[in-house]
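The values are calculated or read from the model by the stated rules, or taken from the named source; none is laboratory data. What you are looking at is a predicted structure, and each value in this text was computed from that prediction instead of being measured. Ideal geometry is used to build each Cβ from the backbone, glycine not excepted, and the neighbour counts take in all protein chains shown. Quick note on the areas: whole protein, heavy atoms, side chains included, nothing else; ligands and nucleic acids left out. Shrake-Rupley method; radii C 1.70, N 1.55, O 1.52, S 1.80 Å.
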Amino acid sequence: MTTIEDDDDRDSNASSVILAFLLGGLTGAAVALLYAPRSGQETRDLLSERMRETADRGRELKEQAVGRGRALVNDATSYVDRQKQELESRKERFSAAVEAGRQAYREEKQKENV
């Protein structure tokens with residue numbers, strides 16, 4: 001069974017991977033732009049635009065990841081709830097069967113004593 005700490009660790013790991021990917025992309029784009037044969041202003045404008053695009057894409061990815069995470073949590077919660085209900089049902093049937101067995105035993109015992 002996973003704990004909240006395990007979920008937090010997974011969320012943290014996923015966030016770290018996404019952040020590392022985005023930072024690597026930004027660094028690569030910046031280096032490519034700095035070595036491109038453009039004027040300083042053109043390079044800065046292009047770099048600024050790319051950073052805005054990357055930030056927007058990062059926000060979109062974050063929203064998607066959070067949405068998927070919530071969906072997984074909801075699915076897991078409903079699965080656990082169904083399993084609890086099934087276990088309770090089995091427990092009730094088992095208790096009823098045990099009680100029926102005890103009652104049958106008592107009846108047989110009374111028949112022998114009569």
| task | Treat each spin label as a single point 7 Å out from the Cα along the C-beta direction, and report the L23 to D75 distance in nm. | result | 3.1
| query | For labels at E42 and A65 in the simple 7 Å Cα→Cβ model, what's the distance in nm? | reply | 3.6
| task | Report the net charge of residues surrounding F21, where surrounding means a beta-carbon distance below 13 angstrom and charges are Lys +1, Arg +1, Asp -1, Glu -1. | result | +2
| Among A76, A20, P37, which residue has its Cα positioned farthest towards the positive end of the charge dipole of the chain, with +1 placed on the Cβ of Lys and Arg, -1 on the Cβ of Asp and Glu, and the dipole taken about the Cα centre? | A76
| query | How much area per residue is accessible in the range 50-97 when the probe is 1.4 Å and only protein heavy atoms are counted (Å²)? | reply | 89
| request: Select one label from (1) 111, 17, 16; (2) 43, 29, 25; (3) 40, 24, 20: the one whose number is Cα extents along the principal axes in Å as derived from the coordinates shown. | output: (1)
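Can you tell me the dipole magnitude for the range 57-114 around its Cα centre, using point charges on the Cβ only (Lys, Arg +1; Asp, Glu -1), in Debye to the nearest 20?
Working: 14 positive and 11 negative charges, 69 e Å.
Dipole magnitude for the range 57-114 comes out near 340 debye.
State the percentage of accessible surface on the chain attributable to carbon and sulfur atoms; use a 1.4 Å probe and exclude ligands, DNA and RNA. Display every interim value, and only then the final one.
Working: 5550 of 9830 Å².
Whole-percent figure for carbon plus sulfur exposure: 56.
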